[in-house]
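Coordinate-derived values only; no laboratory data. Treat the numbers as computed from the prediction; the structure is a model and nothing was measured. Note: ideal-geometry Cβ built from the backbone for every residue, glycine included; neighbour counts use all protein chains shown.
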Amino acid sequence: MYALVTGASRGIGKSITKSLLKESFSVIGTARSSEFPNEFSQHDNFEELYVDLSDPVAVESKVKPIFDREEAPTVLINNAGVFMESGFEKDDETWLEKWDQTMQVNLRAPALVSKWALNRWIKEEGGYLINISSRAAYRGDTQEYSAYAASKGGLVAFTKSVARDFGEHNISAYSIAPGFIKTDMAMDSIDVYGEEYLTEGMAFDEITSPDEVGELVTFLAKGKVPHMTGSTFHINGGSYMI
Ligand code: NAP
């Protein structure tokens, strides 16, 4: 079992990678610039790859060749993402700049990497595509983060399209829609509002650990429920239930 995990250095991607390695997967993990934890760098089944997903040239030169290797990953986890603020009061140029950067990292790059994986998998024995979306795809976000919500909604629709058409090639595709997860990305909100406020109305009075997402992704990556293809898995501490 061989997986490619984007954004493996920190947060949810780190938990996913830890869980996959524990289950004897070989993992290629990517990061933009931060160092990988020692437990990964020193692991025989881990390969690190530095690539900035906001740079389309780098994505093509560094990630595409992975799917031309003699042995290529059969699980792709598009996890890396950015959460950029850009309010409607900004001038158009600034607003669009953030919009485009968000779309590039959260939607365009994952879709293109998925395309490379799918074109390899249809020639072989199939594969599993797992896209880390967000609850923002379902309940929106504040207007400052509308690009983020739109990118994550786009990712869900993209995932469903893959699921519809590639099942006959033994390919399943899933979306994960996390709520607040205790990572650097959520830390700004946790610092500003506090954990108590953010968990108000939730079933639990604590913010979800990234390790839970890691366990869920590993379960899907192991091919336990291929017929759940196209589904979105909501992991949000019961903040909403659908
Ligand atoms: P995080 O702690 O900020 O970690 C982000 C990871 O993505 C890091 O490994 C980072 O690499 C990588 N990354 C960021 N920008 C990149 C770029 N331009 N090119 C390449 N890699 C890049 O984020 P997280 O909370 O784990 O989030 C992971 C995913 O879950 C994201 O897609 C996010 O939208 C989604 N999500 C998170 C939450 C939450 O509450 N945390 C909720 C819903 C959805 P470096 O370490 O090198 O910077």
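Using only side-chain charges placed at the Cβ, +1 for Lys and Arg and -1 for Asp and Glu, the dipole size of region 83-182 relative to its Cα centre rounds to 500 debye.
How far is helix 11-22 tilted off the main Cα axis of the chain, in degrees rounded to 10, range 0 to 90? Helix 11-22 sits at roughly 30 degrees to that axis.
Positive end of the dipole of the chain (Cβ unit charges, origin at the Cα centre): among Phe40, Tyr2, Tyr148, the Cα lying farthest that way belongs to Tyr2. Here is the list for region 156-220: chymotrypsin sites (Phe, Trp or Tyr not before Pro) lying in DSSP coil, each with at most 14 other C-beta atoms within 10 angstrom of its C-beta, are Phe204.
Coupling constants for region 209-224 follow from the phi torsions by the Karplus curve (6.51 cos²θ - 1.76 cosθ + 1.60, θ = phi - 60°), and in residue order they are 7, x, 4, 5, 5, x, 5, 4, 4, 5, 4, 5, 5, 7, x, 6 Hz; glycine and proline get x.
Among the trypsin sites (Lys or Arg not before Pro) within region 144-242, those in coil by DSSP and having at most 11 neighbouring Cβ atoms inside 10 Å are Lys224. For the cross-link pairs Lys115/Lys222; Lys18/Lys152; Lys90/Lys115, which exceed 31 Å when the distance is taken from alpha carbon to alpha carbon? Going by Cα-Cα distance, Lys90/Lys115 fall outside the 31 Å limit. Along the positive direction of the dipole of the chain (beta-carbon charges: Lys, Arg +1; Asp, Glu -1; about the Cα centre), which of Ala173, Met241, Leu112 reaches farthest? The one lying farthest along the dipole's positive direction is Ala173. Candidate cross-link partners of Lys160 among the aspartates and glutamates, defined by an alpha-carbon separation under 15 Å and a same-chain spacing of 8 or more, comprise Glu168. Given +1 at the Cβ of Lys and Arg, -1 at the Cβ of Asp and Glu and no other charges, the dipole of the chain around its Cα centre is 960 debye to the nearest 20.
Each other residue within a Cβ distance under 15 Å of His169 adds +1 if Lys or Arg and -1 if Asp or Glu, for a net charge of 0. Among beta bridges identified by DSSP and lying wholly in region 2-235, the antiparallel ones come to about 0 percent. Under a model in which nothing but the beta-carbon of Lys, Arg (+1) and Asp, Glu (-1) is charged, region 1-62 shows a dipole of about 220 debye around its Cα centre. Determine the calculated [θ] at 222 nm for the chain from helices alone, applying -39500 (n - 2.57) to every DSSP H run no shorter than 4 residues and normalising by the residue count; nearest 500 deg cm²/dmol. For the chain, the value works out to -12000 deg cm²/dmol. For region 77-155, which chymotrypsin sites (Phe, Trp or Tyr not before Pro) are both in a DSSP coil and crowded by at most 11 other Cβ atoms within 10 Å? Sites meeting the loop and neighbour criteria: Phe88.
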